[in-house]
Amino acid sequence: MEENKKFYLTTPIYYPSDKLHIGHAYTTVAADAVIRYKKMRGYDTYFLTGTDEHGQKLQRRAEEVGQTPQEFIDHIVAGIKELWQLLNIEYDDFIRTTEPRHQKVAQALFQKIYDQGDIYKSEYTGWYCTPCETLFTERQLVDGKCPDCGRPVELTHEESYFFKMSKYADRWLQFIEKNPNFIQPASRKNEMINFVKQGLEDLCVSRTTFNWGIPVPFDEKHVIYVWFDALVNYISALGYGTENDSLYQKLWPADVHLMAKDIIRFHSIIWPIILMAADLPLPKKVLAHGWLMMSDGKMSKSKGNVVDPVILVERYGVDAIRYFLLREMGYGLDATYSEEALVNRINIDLANDYGNLLSRTTSMIEKFQGGIVKTPAEPTEFDAELIAMAQEVLPQFEAYMDKIDPANALATVWKLVNKANKYIDEAAPWALNKAGQTAKLQTVLYNLAEVIRQTTIMISPVMPNTAPKVWAQMGISDRAEKQNWESLVWGGFPVNTKIERGEPLFPRIDFDAFLKEQEEKAAAAAAAAAKAEAAAKAEAEFVPIAPEITIDDFAKLDFRVAKVISCEKVPKADKLLKMQVLVGKEERTIVSGIAMHYTAEEMVGKQLVLVANLKPAKLRGIESCGMILAASHGDKMAVLEVPAEINPGGRVK
Ligand code: MSP
């Protein structure tokens, strides 16, 4: 390796239209792990991330919540930065496309390409997908919807500037031929080649129907198309074209642009052609990983199936989440997220395999050797197998990380972890101890300590918080020279080190208990919500108390006990029952609106309270002589009943 070779890696700049989810976290965590790895390998690294803050989508989102776009965005960007801090992301720069340092460069580049005649004014008629910020021709739509995300598109017709992409199609194809590793994985490369071969159309690079964007420098009615604006971030962040362009000089071209497959077209076709037109070097590699899927499709805010990384980190810890994300998603492939898969990775890979290797080793060193790692004897054939595997794993791990394939890199380390666990079972140090085979015992325990040291160095870029805990337990916290990449030569563990056995690194998670707890929490929350809803409803239904009356007013009302002798439904009236009631000796007909709550049969024999001196009224042609009392609240109603010991005709006061 050349001394101080540079390595410049970028993530997409995310839209701050919502909180980011674990899909976004995947890309950024992968980038961070690769950067940490490259740093350990002596590279002069530079890691750029940021936010893509213009465009129709953001303008609309802000309008929806009654904020200016900048207010809306600032809030979300603050949350994104906090998320990266929580996930232990060590970026060198965070570019925001609303920053003047970016806007100047985007405008200058637009102007440069215009001046040389590669941008021209015309009219655009087509279909716009706002979530994807992409224009499509009628022909490109699938079932009238966006061919990329399947969502509805809007017809747009406007004056626009166009970028002469078509002019560069052949040059692009030649470039790809000469640089066969430019687009990774190869399957994506073939897709892109096919896309270009089908005929590259000029790209609409300005909009006039909204104004949340960078003004076209020579025509302020237009804003620069958000994707043109966004892609430029990879050089604007380095000060390209400004007086202070030392970073650009040092770092460009980028070594890798990392992203998911959804935006590979923008990075592998549009961006290189912009650079060709501007006569600038092209990035070395554009790499698209797959999507993190939910059981019901791609994770996306509009579907409402997103998983918040903040919650996962609180629940399981940052290193477990980083490990899970990187281990689960195979190179270029999609992966399906489930909390169960996450817990399985924690329980099996981290608690059982790696965590146990550490705790078994430290406990045996403590028990059999007073906590001291002792000098090993010459390896036997049996030991040699473990050592050989360690020596094989290292270059494989490096090759995978260099290729940006963390899943396979981690799988490779786990081969060694598992081998070491098997080595314990087979060597049976407890038996060696019992048999007094001290030299053999010392060798086995030394080899285990060395495997722990080597695997921990390899996984430290993925789990940066775990490594220091392991160094502490292995007694080499202050031995930095034993923790670096150069020390990955078998036999580096310092003998006579006193180890310090500690807590398990990754306690096992009882997933069933967790699920039960979640269910109980959900049930309690649902019960509380129902209670609150009932209270709110009661409040809303409470009829205000009527104005005050005097006792004389009240005395005018003559309430009597009335016994129902017979009852029937009033034909063609859903709500009415007709009753014959007995009041003293007198029989009366009463019509009452209670048929929704009582059947005619139920009413017979009941003793009710009747307003006996109410002026008779006709209901559906039947004269009702009085009114019975009923209590009601909301949609519930009950007639007032009087016990049988009071005879019909008795007074109610
Ligand atoms: N703003 C553009 C990018 C401009 S780069 C010059 C954009 N932003 S985005 O917020 O939609 O982010 C897309 C990127 O987020 C994907 O390319 C990928 O890196 C990451 N992911 C978003 N959802 C993801 C999954 N479900 N799975 C994996 N990666 C995901 O596009």
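Every residue in the stretch 272-298 that is of a type in the set (A, V, I, L, M, F, W, C), more than 10 Å from the ligand (Cβ to nearest atom), in contact (Cβ under 8 Å) with a residue 40 or more places away in the chain and open to solvent by less than 10 Å² (accessible area, probe 1.4 Å), please.
Going residue by residue through the stretch 272-298, those that are of a type in the set (A, V, I, L, M, F, W, C) are 273-278, 280, 282, 286-288, 291-294.
Checking which are more than 10 Å from the ligand (Cβ to nearest atom) leaves us with 273-278, 280, 282, 286-287.
Pick out the ones that are also in contact (Cβ under 8 Å) with a residue 40 or more places away in the chain and you get 273-274, 276-278, 280, 282, 286-287.
I273, I274, A277, A278, V286, L287 - these are the residues of the stretch 272-298 that are of a type in the set (A, V, I, L, M, F, W, C), more than 10 Å from the ligand (Cβ to nearest atom), in contact (Cβ under 8 Å) with a residue 40 or more places away in the chain and open to solvent by less than 10 Å² (accessible area, probe 1.4 Å).
Taking the stretch 109-137, which residues are in a loop (DSSP other than H, G, I, E, B), more than 16 Å from the ligand (Cβ to nearest atom) and among the acidic types (D, E)? The answer is D118, and nothing else.
Whenever a residue of the stretch 356-376 is open to solvent by 30 Å² or more (accessible area, probe 1.4 Å), it has no partner that is part of a helix (DSSP H, G or I) and of a type in the set (G, A, S) lying with C-beta atoms less than 6 angstrom away and at least six residues away or across chains. Just one of the numbered conditions (1) out of contact with any Gly (no Cβ under 9 Å at 6 or more places or on another chain); (2) acidic (D, E); (3) over 19 Å from I22 (Cα atoms); (4) surrounded by 19 or more Cβ atoms within 10 Å (Cβ to Cβ) is not true of D229: (1).
Of the residues making up the stretch 479-523, those that are assigned to a loop (DSSP other than H, G, I, E, B) and under 28 Å from the mean Cα position of the chain (by Cα) number 6.
Only helices (runs of 4 or more DSSP H) whose full extent lies in the stretch 329-409 are considered here, and the ones with at least 1 residues that are over 25 Å from the mean Cα position of the chain (by Cα) are 356-369, 381-403. Show the residue pairs that are 6+ apart or on different chains and have beta-carbon atoms under 6 Å apart, the first residue being within the stretch 318-335 and closer than 18 Å to I348 by Cα, the second being within 15 Å of the ligand (Cβ to nearest atom) and β-branched (V, I, T). Sorted first by the residue in the stretch 318-335, then by its partner, the pairs are R322/V29; L325/V29.
Quick check, is I183 of a type in the set (A, V, I, L, M, F, W, C), in contact with a helix residue (DSSP H, G or I) (Cβ under 7 Å, 6 or more places away or on another chain), surrounded by 12 or more Cβ atoms within 10 Å (Cβ to Cβ) and without any contact (Cβ under 8 Å) to a residue 40 or more places away in the chain? Here the answer is no, as I183 does not meet what is asked. Considering every residue within the stretch 34-41, establish whether at least one is crowded, with 16+ Cβ neighbours inside 10 Å and within 16 Å of the ligand (Cβ to nearest atom). Among the residues of the stretch 34-41, at least one is crowded, with 16+ Cβ neighbours inside 10 Å and within 16 Å of the ligand (Cβ to nearest atom), which makes the answer yes.
Provide a single number: the residues in the stretch 87-103 that are part of a helix (DSSP H, G or I) and of a type in the set (D, E, K, R).
At the first step, the residues of the stretch 87-103 found to be part of a helix (DSSP H, G or I) are 100-103.
Filter again for of a type in the set (D, E, K, R), leaving 101.
Number of matching residues: 1.
A106 meets each of the listed conditions (1) away from the ligand (no atom under 14 Å from the Cβ); (2) under 30 Å from K250 (Cβ atoms) apart from (1).
Looking across the stretch 415-466, the residues that are open to solvent by 10 Å² or more (accessible area, probe 1.4 Å), over 17 Å from A377 (Cβ atoms) and of a type in the set (S, T, N, Q) come down to N418, N421, S460, N465. Of all residues in the stretch 121-157, those satisfying the criterion of being closer than 26 Å to A277 by Cα, touching a residue at least 40 places away in the same chain (Cβ under 8 Å), surrounded by 12 or more Cβ atoms within 10 Å (Cβ to Cβ) and in contact with a strand residue (DSSP E or B) (Cβ under 9 Å, 6 or more places away or on another chain) are K121, Y124, G126, Y128, T134, L135. Counting just the residues of the stretch 315-349 that are closer than 20 Å to G297 by Cα and acidic (D, E), which one comes out nearest to the ligand (Cβ to nearest atom)? Among those that are closer than 20 Å to G297 by Cα and acidic (D, E), it is D334.
The values are calculated or read from the model by the stated rules, or taken from the named source; none is laboratory data. A quick note: this is a predicted structure, and the numbers were derived from the prediction, not measured. Ideal geometry is used to build each Cβ from the backbone, glycine not excepted, and the neighbour counts take in all protein chains shown. All accessible areas refer to the heavy atoms of the entire protein, side chains included, with ligands and DNA or RNA removed. Shrake-Rupley method; radii C 1.70, N 1.55, O 1.52, S 1.80 Å.
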